[in-house]
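The values are calculated or read from the model by the stated rules, or taken from the named source; none is laboratory data. Predicted model, so just to flag it, every value in this text is computed and none were measured. No Cβ is skipped: glycine too gets one built from the backbone with ideal geometry, and neighbour counts run over all protein chains shown.
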Amino acid sequence: MMKEKKIKIVNKLGLHARPASLLVQTAMKYSSNITIIKDEYKVDAKSIMGILMLAASCGTELLLQTDGADEQQALEGIEKVFNEGFGEEI
Amino acid sequence: MENEIILKGIAASSGVTIGKVFLLEEDEFFIPVRKISKDKIQAEFERLEKAVSVTEKEIAENKEALSKMLGENYAEIAVAHLLILKDPMISKEVDILINSGVNAEYAIYQVVEKMSKTFDNIDDEYFKERKNDLIDISKKIITNLLGKKSKNLSNLDSGSVVVAKMLTPADTITMKNEMVAGFATDTGGKTSHTALIAQSLEIPAVVGLKNISAQVYHGMSIIVDGNKGIVILNPSKKTKQEYKKEYEIQITDRRHLEQFKNLPTVTLDGRNIKLDANIETPDEISSVLANGAEGIGLYRSEFMYMATKTMPTEDDHYQNYARIAKQMGSKKVIIRTIDLGGDKLTKLGLMNIGREENPFMGLRAIRLCLKYPLILKTQLKGILRASVHGNLQIMYPMISKIEEIRQANIILEQAKQELKKQGEKFNPDIKVGAMIEVPSIAVIADLVAKEVDFMSIGTNDLIQYTIAVDRVNEDVASLYEPLHPAILRLIKMIIDAGHKQGKGVGMCGEMASSIEYAKVLIGLGLDEFSMSSSKILKLKKEIREISFENSKKLADSLLKCSVTKEVYDTIEKFND
């Protein structure tokens with residue numbers, strides 16, 4: 001069963017290089033396939049260039065999908081880094 | 001025998017040097033296209049794997065060097081680069097191509113080209129520019145696939161003249177300074193990073209050469225003449241000999257100047273003058289001390305923001321300033337708070353501010369800080385914490401009205417309160433000054449002097465704003481006149497205003513470093529001169545031959561001149 005959840009970017013600078021790196025590093029901890037969807041774009045959360053391609057700024061709503069053995073943990077883990085604003089200024 | 005080629009650029013750092021080209025390539029290479037037969041595909045994958053792992057090692061080494069030099073935060077770009085190497089979206093497409101019989105170099109090239117196009121369609125400037133990270137990494141891998149030895153700035157040979165499109169702070173950090181004999185770059189101006197670094201390393205540099213990087217090869221014979229602003233490629237025997245003579249004179253002059261290092265800076269009639277250094281990075285401290293500077297009159301803290309992909313934290317600031325404070329001991333160090341524009345920070349990916357029509361008159365320096373007070377507070381807390389290690393002072397740039405000084409001081413007060421609560425130690429009486437570089441504040445300098453501990457005249461901007469001239473614009477550059485009667489009167493006003501309140505006045509613009517203006521500025525009453533450390537000894541020698549009383553007379557007559565030519569004529573007559 002695939003899991004999905006809407007998430008919002010709260011940090012000021014959006015998904016620029018540092019948060020994108022952190023997101024990818026977090027995603028890599030899980031074996032599940034993790035996908036991030038913005039409008040019609042769908043990218044692999046383990047791909048840094050994919051994430052940067054979304055050009056997602058603060059306030060953007062994204063759809064997070066996880067699919068695999070640890071999909072629940074992946075969903076929660078990734079949601080957490082988003083909600084914490086990647087440790088940056090919110 | 002190849003012909004001598006003379007290229008004209010902008011003189012960015014004085015001196016001459018004869019050396020060999022070290023070309024820092026922005027590697028444009030020829031990508032080989034080969035059909036790989038089915039039985040060789042496995043070997044092609046192994047070749048790629050090896051190249052990727054070599055690249056990974058290189059990036060990791062660079063990351064190590066960066067974080068050692070500047071702190072963990074500065075290495076974050078390297079983290080992103082390592083992730084690009086492992087990017088599944090890229091490797092998936094590359095694998096498909098290799099499996100279809102395309103060689104690894106061409107496979108990477110095709111995938112990167114395709115992805116770059118996607119980035120080109122992004123509107124946001126910051127994200128659009130991220131394609132450069134991808135291209136950089138792909139070039140590194142392809143270089144390793146081709147078995148080319150990647151020319152790393154850390155393996156410079158002595159006597160190398162570094163030729164590049166442009167030099168970034170990251171480039172200059174990896175250089176072994178003692179190996180570099182000069183710089184020659186395609187882009188840049190008199191105040192570019194390359195120019196400032198060259199001046200502090202006391203090596204000649206010529207910038208703005210347009211396309212020198214496309215005209216040279218590694219090991220080519222080259223002369224950099226930073227006095228005239230020219231570069232000579234393949235110099236003839238005769239030219240080489242002429243420059244050898246000039247180089248020897250330069251060395252003798254430098255030795256001659258060394259004897260002034262420990263002598264006081266005092267005029268013939270006993271007026272003491274302070275000579276300070278302008279610096280850009282903490283690495284320049286050794287040159288500051290070697291040239292006998294009495295302090296640092298201007299630490300351009302922008303470097304903190306340029307060498308990174310994230311906003312520096314309070315701790316980054318602290319580490320940096322503490323290092324400077326410790327090395328300078330009891331000597332004064334004036335830290336100018338961030339003097340960048342929103343445009344620059346957005347370009348660096350640190351902020352997201354809309355494009356400005358006229359950035360020079362836009363949201364920059366103190367204006368930016370007051371709009372986003374956290375940037376300033378973070379920096380001030382870093383400075384305050386470091387203030388216990390030495391004699392640090394704070395200077396606000398681009399002040400255009402007194403409210404800005406007061407608002408910035410409120411933020412400073414908040415920073416102090418917060419540190420107090422955290423139990424951090426700092427100097428509660430840290431001195432605060434204003435940079436006088438906007439005409440509106442220069443005119444009310446008498447009022448400013450009551451609000452601050454010191455004032456420092458930033459002539460580059462003061463002249464530019466007062467005369468309303470962009471000196472980089474060739475069509476009007478000749479209007480940029482440091483001795484314009486209005487500028488002389490403004491400087492006089494500022495100095496008098498400071499003295500009336502018993503406060504010293506310094507100058508940290510280019511004008512302060514020029515022998516040509518020393519007599520005039522001393523006559524106007526300037527107390528402190530701050531400049532690139534390499535220029536200090538020369539100025540000290542000059543000042544020791546000047547009479548303050550005579551200079552005052554000169555200044556008095558200059559203040560009566562109505563046109564710039566009259567100013568020059570009066571100075572000339574006076575010198576005879």
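Give me a count of the residues in region B:155-171 that are among the hydroxyl-bearing types (Ser, Thr, Tyr) and either modelled with pLDDT under 70 or surrounded by fewer than 16 Cβ atoms within 10 Å (Cβ to Cβ) (or both).
To start, the set of residues in region B:155-171 that are among the hydroxyl-bearing types (Ser, Thr, Tyr) comprises B:158, B:160, B:168.
Filter again for either modelled with pLDDT under 70 or surrounded by fewer than 16 Cβ atoms within 10 Å (Cβ to Cβ) (or both), leaving B:158, B:168.
Count: 2.
Could you list all residues from region A:19-54 that are part of a helix (DSSP H, G or I) and more than 8 Å from chain B (Cβ to nearest Cβ)?
Here is the first cut: in region A:19-54, the ones part of a helix (DSSP H, G or I) are A:19-27, A:48-53.
Residues satisfying the conditions are A:19, A:22, A:23, A:26, A:27, A:51.
Do we have any residue at all in region B:279-295 that's within 20 Å of the chain's Cα centre (by Cα), of a type in the set (S, T, N, Q) and in a loop (DSSP other than H, G, I, E, B)?
For region B:279-295, residues within 20 Å of the chain's Cα centre (by Cα), of a type in the set (S, T, N, Q) and in a loop (DSSP other than H, G, I, E, B): present.
Would region B:145-154 turn up any residue that is under 24 Å from residue B:214 (Cα atoms), aliphatic (A, V, I, L, M), assigned to a helix (DSSP H, G or I) and at pLDDT below 80? Working first, answer last.
Narrowing region B:145-154 to residues under 24 Å from residue B:214 (Cα atoms): B:145-154.
Those still in the list that are aliphatic (A, V, I, L, M) too: B:145-146, B:153.
Next, from what is left, pick out any that are assigned to a helix (DSSP H, G or I): B:145, B:153.
Within this subset, residues satisfying the condition of being at pLDDT below 80 are B:153.
Yes, region B:145-154 has at least one match.
Yes/no matrix, rows are residues, columns are (1) of a type in the set (Val, Ile, Thr); (2) within 27 Å of the chain's Cα centre (by Cα); (3) crowded, with 17+ Cβ neighbours inside 10 Å:
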{"position": "B:407", "(1), (2), (3)": "no, no, yes"}
{"position": "B:410", "(1), (2), (3)": "yes, no, no"}
{"position": "B:421", "(1), (2), (3)": "no, no, no"}
{"position": "B:424", "(1), (2), (3)": "no, no, no"}
{"position": "B:433", "(1), (2), (3)": "no, yes, yes"}
{"position": "B:437", "(1), (2), (3)": "no, yes, yes"}
{"position": "B:446", "(1), (2), (3)": "no, no, no"}
{"position": "B:460", "(1), (2), (3)": "no, yes, yes"}
{"position": "B:463", "(1), (2), (3)": "yes, yes, yes"}
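Of all residues in region B:195-206, which are more than 15 Å from residue B:17 (Cβ to Cβ) and modelled with pLDDT of 85 or more?
none
If residue A:83 meets every condition in (1) touching a Ser or Thr at 6+ places or on another chain (Cβ under 7 Å); (2) away from chain B (no Cβ under 13 Å) apart from one, which number is that one?
Condition (1) is where residue A:83 drops out.
Just need a number here: residues in region B:510-544 that are at pLDDT 95 or above and assigned to a loop (DSSP other than H, G, I, E, B).
The number of residues fulfilling the criteria is 4.
Between a residue in region B:205-229 that is in contact (Cβ under 8 Å) with a residue 40 or more places away in the chain and surrounded by fewer than 17 Cβ atoms within 10 Å (Cβ to Cβ) and any residue that is among the charged types (D, E, K, R) and part of a loop (DSSP other than H, G, I, E, B), which pairs come within a Cβ distance under 8 Å, given they are 6 or more apart or on different chains?
That search, which allows pairs on different chains as well, returns B:210/B:186; B:218/B:151.
Out of all the residues in region B:515-558, which are within 27 Å of the chain's Cα centre (by Cα) and either among the charged types (D, E, K, R) or in the same structural domain as residue B:196 (by TED's automatic domain parsing) (or both)?
B:516, B:527, B:528, B:535, B:538, B:540, B:541, B:542
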